[in-house]
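So that we are looking at the same thing, I have put the structure below in structure tokens.
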Amino acid sequence: MVQLSVESSISKQRNTESLIDGILENYNDYSRNIINILLRIQEKQGFVSEQDAIQLSDKTHIPLAKIFSILSFYNYFSFKRAGKNLLLLCDGTACRVQGNRKLRQTLKDELDISPGETTKDNLFTLKEVRCLGACALAPVMMVNGKIYGNLDEKKVKEIISGLKQESGKKES
Ligand code: FES
């Protein structure tokens with residue numbers, strides 16, 4: 001049993017290493033592109049673990065402290081695997097003015113989670129982020145990389161119910 005778990009952890013480490021190697025092949029100047037590199041890792045596997053950060057630092061010679069400071073500064077990054085659907089609710093000024101608090105409450109009621117949490121069924125992770133760069137459409141939420149603007153409680157409920165239906169279909 002112990003043998004199996006050691007083997008699986010070694011194999012996971014190898015997979016991550018080849019993922020990082022594959023991403024690094026696309027860049028010459030690692031230091032200038034470190035945010036893009038981290039974004040690619042996040043997109044590919046849904047998180048950037050501490051182990052990924054250590055490997056990346058070894059391979060690029062970028063100080064680990066710098067990598068950790070980027071990962072901690074941007075809410076987009078997760079150290080742990082996110083749920084199947086990643087919801088980024090904008091908490092920038094324009095979105096606050098346009099009532100993002102109501103949307104946060106709706107999401108809380110619909111999913112029973114607060115920002116920073118993942119539902120028990122692992123279907124949704126909710127995060128609050130700074131300006132998503134679409135202030136003219138405030139209040140805004142990014143769902144699995146796609147921007148949804150001019151949101152109200154009804155639209156948020158529709159988005160959640162659509163995602164739940166989609167996941168149900170995929171599983172059946
Ligand atoms: S403040 Fe929300 S998109 Fe800019």
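The values are calculated or read from the model by the stated rules, or taken from the named source; none is laboratory data. What you see is a predicted model, and the numbers here were worked out from it, not measured in a lab. We place every Cβ from the backbone using ideal geometry, glycine too, and count neighbours over all the protein chains shown.
Pick out the one residue from GLU117, GLU153 that is free of Cβ contacts under 8 Å to residues at least 12 places away in the same chain, more than 16 Å from the ligand (Cβ to nearest atom) and surrounded by 15 or more Cβ atoms within 10 Å (Cβ to Cβ).
Unique residue meeting the criteria: GLU117.
I'd like the full set of residues that are in contact with a Leu (Cβ under 8 Å, 6 or more places away or on another chain), assigned to a loop (DSSP other than H, G, I, E, B) and of a type in the set (D, E, K, R), limited to the stretch 112-151.
GLU117
Another question about this same structure. Given the structure, is ARG32 of a type in the set (Lys, Arg), modelled with pLDDT of 95 or more and either over 30 Å from LEU111 (Cβ atoms) or part of a loop (DSSP other than H, G, I, E, B) (or both)? Full working, then the answer.
Details: of a type in the set (Lys, Arg): yes; modelled with pLDDT of 95 or more: yes; either over 30 Å from LEU111 (Cβ atoms) or part of a loop (DSSP other than H, G, I, E, B) (or both): yes.
Judged against the criteria, ARG32 is a match.
Does ILE70 count as under 17 Å from the mean Cα position of the chain (by Cα) and modelled with pLDDT of 95 or more?
Criteria not met by ILE70.
Oh, and also: Within the bounds of the stretch 104-111, is there any residue that is within 16 Å of the ligand (Cβ to nearest atom) and assigned to a helix (DSSP H, G or I)?
Applying the first criterion (within 16 Å of the ligand (Cβ to nearest atom)) to the stretch 104-111 yields 104, 107.
Now drop any that are not assigned to a helix (DSSP H, G or I), which leaves 104, 107.
Within the stretch 104-111, one or more residues are within 16 Å of the ligand (Cβ to nearest atom) and assigned to a helix (DSSP H, G or I).
So which residues in the stretch 87-105 are polar (S, T, N, Q) and either touching a His at 6+ places or on another chain (Cβ under 8 Å) or surrounded by fewer than 19 Cβ atoms within 10 Å (Cβ to Cβ) (or both), if there are any at all?
Let us first name the residues in the stretch 87-105 that are polar (S, T, N, Q), namely 93, 98, 100, 105.
Within the stretch 87-105, THR93, GLN105 meet the criteria.
Report, by residue number, each residue of the stretch 125-135 that is farther than 25 Å from PHE79 by Cβ and touching a helix residue (DSSP H, G or I) at 6+ places or on another chain (Cβ under 8 Å).
Passing the criteria: only CYS135.
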